[in-house]
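Here the structure comes first, spelled out in structure tokens, and everything after it is commentary.
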Amino acid sequence: MSKSQIGVRIPNTLLNELNSYVEKTGTNKTQVIVSAIAEYLGCADNIPLSKRVAELERKIAVLEAKEKL
């Protein structure tokens, strides 16, 4: 699958939230943004299954870590 690059400007508050989320989940900004856009547009099926599963596994790991606290 070929990939294109775009540039966007977002408010600093949103960038801070994104950075916090990425740090907590161990994912990266690109994965979060691509997933969010796909979900928003209703085409999440276009994201490869392996990436969707990896994202879910990361989210589960975060929840499990929080549960142990």
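The values are calculated or read from the model by the stated rules, or taken from the named source; none is laboratory data. All values derive from a computational prediction rather than experimental measurement. A quick note on method: Cβ atoms are made from the backbone with ideal geometry, for glycine too, and the neighbour counts reach across all protein chains shown. The protein model used for the area step is the full one, side chains on, heavy atoms only, and it has no ligands, DNA or RNA in it. Shrake-Rupley method; radii C 1.70, N 1.55, O 1.52, S 1.80 Å.
Just the residues that are hydroxyl-bearing (Ser, Thr, Tyr) and in contact (Cβ under 8 Å) with a residue 12 or more places away in the chain, please, taken from segment 29-61.
Ser35
Scan segment 37-52 residue by residue and report those that are of a type in the set (A, V, I, L, M) and open to solvent by 60 Å² or more (accessible area, probe 1.4 Å).
Scanning segment 37-52 gives Ile37, Leu41, Leu49.
Within the bounds of segment 9-23, is there any residue that is assigned to a helix (DSSP H, G or I), of a type outside the set (Asp, Glu), over 15 Å from the mean Cα position of the chain (by Cα) and surrounded by fewer than 11 Cβ atoms within 10 Å (Cβ to Cβ)?
Yes.
Does any residue in segment 1-20 that is of a type outside the set (Phe, Trp, Tyr) come within less than 8 Å, Cβ to Cβ, of a residue that is open to solvent by less than 90 Å² (accessible area, probe 1.4 Å) and assigned to a loop (DSSP other than H, G, I, E, B) six or more places away or on a different chain, and which pairs are these?
Between residues of segment 1-20 that are of a type outside the set (Phe, Trp, Tyr) and residues that are open to solvent by less than 90 Å² (accessible area, probe 1.4 Å) and assigned to a loop (DSSP other than H, G, I, E, B), the close pairs are Met1/Pro48; Leu18/Ile10.
Residue check, Leu69 against (1) open to solvent by 60 Å² or more (accessible area, probe 1.4 Å); (2) modelled with pLDDT of 80 or more, all met but one. Which one?
So the condition that Leu69 fails would be (2).
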